[in-house]
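Chemist: Mind having a look at this structure? Questions to follow.
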Amino acid sequence: MGTVHARSLEPLPMSGPDFGAIGEEAELVEVEPETKQEILENKDVVVQHVHFDGLGRTKDDIIMYEIGDVFKAKDLIDVMRKSHEAREKLLRLGIFRQVDVLIDTCQGDDALPNGLDVTFEVTELRRLTGSYNTMVGNNEGSMVLGLKLPNIFGRAEKVTFQFSYGTKETSYGLSFFKPQPGHFERNFSLNLYKVTGQFPWSSLRETDRGISTEFNFPIWKTNHTLKWEGVWRELGCLARTASFSVREESGHSLKSSVSHAMVIDSRNSSILPRRGALLKINQELAGYTGGDVSFLKEDFELQFNKKLLWDSVLSTSLWGGMLVPIGDKPSSIADRFYLGGPTSVRGFSMYSIGPQSEGDYLGGEAYWAGGLHLYTPLPFRPGRGGFGDLFRTHFFLNAGNLCNLNYGEGPKAHLRKLAECIRWSYGAGIVLRLGNIARLELNYCIPMGVQSGDRICDGVQFGAGIRFL
């Protein structure tokens, strides 16, 4: 996507993780005055000017926020480092197709002996862009078509229209995105959407039409999201054989909720990490800002990854959540938790653990699930250093439970009920990492602790997704 170029700098060592080594791309010019070269090598330098070539509709103020640190550089290596960081920030804005950096000695009447000029050569994205791609969700896939208006007002704003057609879900939506100048992690978005999903494990069809606003911001090492959502939900039966309990849930409802999410993520990869930890906590409160659905919902996700000998990785994870209805109205089948399947408690069919009626799974108001995993290289390391490194051998032990609680009984009774009838499974298989997009698993599973009504997948089970227990 571009290179940091530096002129008149041949004697300087240019190796390192950020800049690579000088090659044919660098433009080398002989410097006649030896004293000037001595100054650039061994003494402080001053960035006198920063130029931009190729700017069109982008406003100057948002650019200045991103390149301000370049003027603070004190020596040549610092100039190159800060210029590289500024280039990454400019690309992160999503408004440039390409950004190149050129560092040169300062020219002109006002040039200082140790003065430098930094030039950013940019290519802006077109006013209208389109995209076509495929996405992998939790054991489902979809085709996505999108239209985007990047940098619509000149300050990295973005308007996006997206249509998605998948195996279980069809959706389209319109969104507006606005970052805070100088702090891209702080951003605001507004979304209008319609989503139609099919849930065969519950014989349920759901259509959501809604609007949501989100504000994302970092605090120390945590990332936070505040969200308000208003959604008109229409529930219907997916089949004539749907149980009476599902038919009772059919109809229209209006949900207005406020939610908060906090994430701490030190993993080196979100798909198949080898080190680091993840903590994700979500809270949602519905009913106090309108609508006819009222509840308090809490859930969390915890994961630790540790690299062992022989390129092996030990991973542990724990999920949990609780939904508390507010008022006399019971919780909706659309708001409850679901458990089971190749992305959670393996060895069970998709979302086929817990309360059910006539073969339709109704979800639960409380759950927990834990996993212990060992990932190792393939035996004999075929394709080492290439395609073979995308595969890992996988040994796992999963356990969990999902149920409804009587909230008048107290915490001890709740814990006792969650500890009853634990489903668990173990097995081994192969994992394939699809870049940073998704991962595929093919496991041989042995389910244990099976309860009446559970649907199992004893033997080979295939899973695809981005979030695994």
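Chemist: What order do L91, L339, L372, L128 take when sorted by accessible area (1.4 Å probe), most exposed first?
Modeler: Working: L91 40, L339 0, L372 80, L128 100 Å².
I get L128, L372, L91, L339, largest accessible area first.
Chemist: Given a 1.4 Å probe and heavy atoms of the protein chains only, how would you sort M350, M80, largest accessible area at the top? Can you show the working numbers first?
Modeler: Values: M350 40, M80 5 Å².
Result of the area sort, largest leading: M350, M80.
Chemist: Under 1.5 on a/c is rounded, so check that first for the stretch 46-124, then, if it is not, pick prolate when a/b is larger than b/c and oblate when it is not; a ≥ b ≥ c are the square roots of the alpha carbon gyration tensor eigenvalues. Let's see the in-between values first.
Modeler: Numbers: a/c = 2.13, a/b = 1.64, b/c = 1.31.
Judged from the Cα gyration tensor, the stretch 46-124 comes out prolate (a/c at least 1.5, a/b above b/c).
Chemist: Let me ask something additional. Please return the longest range in the chain lying between exposed loop sites, taking GluC sites (Glu not before Pro), DSSP loop only, at most 13 other beta-carbon atoms within 10 Å, and leaving the sites out.
Modeler: Numbers: sites that count: E24, E25, E27, E30, E358, E409, E420.
Value returned for the longest uninterrupted segment is 31-357.
Chemist: Nearest 5 percent is fine: what portion of the DSSP beta bridges confined to the chain is antiparallel? Don't skip to the answer; put the middle values down first.
Modeler: On the way: 176 of 186 bridges.
Antiparallel bridges make up about 95 percent of those DSSP assigns within the chain.
Chemist: Here's a follow-up. Restricting attention to the stretch 184-226, which trypsin sites (Lys or Arg not before Pro) occupy a DSSP loop and are surrounded by at most 10 other Cβ atoms within 10 Å? Don't jump to the answer; show the numbers that get you there.
Modeler: Details: sites: R186, K194, R205, R209, K221; in loops: K221.
Hits after loop and neighbour filter: K221.
Chemist: With the cut-off at 19 Å, tell me which of the pairs K82/K221; K255/K329; K280/K412; K194/K227 have Cα atoms farther apart than that.
Modeler: Details: K82/K221 22 Å; K255/K329 13 Å; K280/K412 25 Å; K194/K227 17 Å.
From the list (K82/K221; K255/K329; K280/K412; K194/K227), the Cα-Cα distance tops 19 Å for K82/K221; K280/K412.
Chemist: If you take the square roots of the eigenvalues of the alpha-carbon gyration tensor of the stretch 155-200 and sort them as a ≥ b ≥ c, do you get rounded (a/c under 1.5), prolate (a/b over b/c) or oblate? Write out the running numbers ahead of the final one.
Modeler: On the way: a/c = 3.77, a/b = 2.87, b/c = 1.31.
Here the stretch 155-200 falls in the prolate category.
Chemist: Let me ask something additional. To the nearest Å, what is the center-to-center distance of the stretch 408-469 and the stretch 334-394, using C-alpha atoms only?
Modeler: When both Cα centres are located, 5 Å separates them.
Chemist: Based on DSSP H runs of at least 4 residues, each adding -39500 (n - 2.57), what is the mean residue ellipticity at 222 nm of the chain after dividing by all its residues, to the nearest 500 deg cm²/dmol?
Modeler: -3000 deg cm²/dmol
Chemist: Which value, in Å², gives the accessible area per residue of the chain when a 1.4 Å probe is used on the protein heavy atoms? Don't skip to the end; give the middle numbers.
Modeler: Values: 24250 Å² over 469 residues.
Here the per-residue accessible area is 52 Å².
Chemist: When all protein chains stay in place, what accessible area (Å², nearest 10, 1.4 Å probe) is found for Y367?
Modeler: Here the accessible area works out near 20 Å².
Chemist: So, one more: Which of the three applies to the stretch 180-465, rounded, prolate or oblate, going by the alpha-carbon gyration tensor with a ≥ b ≥ c and a/c under 1.5 meaning rounded?
Modeler: Values: a/c = 1.78, a/b = 1.25, b/c = 1.42.
It is oblate, given that a/c is not under 1.5 and a/b is not larger than b/c.
Chemist: Here is a follow-up. Protein chains only, probe 1.4 Å: how do H183, H252, H260 rank by accessible area, largest first? Before the final figure, lay out the partial values.
Modeler: Numbers: H183 80, H252 115, H260 50 Å².
If we order H183, H252, H260 from most to least accessible, we get H252, H183, H260.
The values are calculated or read from the model by the stated rules, or taken from the named source; none is laboratory data. Computed from a predicted structure; not experimentally measured. Note that each Cβ is placed from the backbone with ideal geometry, even for glycine, and that neighbours are counted across all protein chains shown. Protein only, heavy atoms only, side chains kept; ligands, DNA and RNA dropped before computing areas. Shrake-Rupley method; radii C 1.70, N 1.55, O 1.52, S 1.80 Å.
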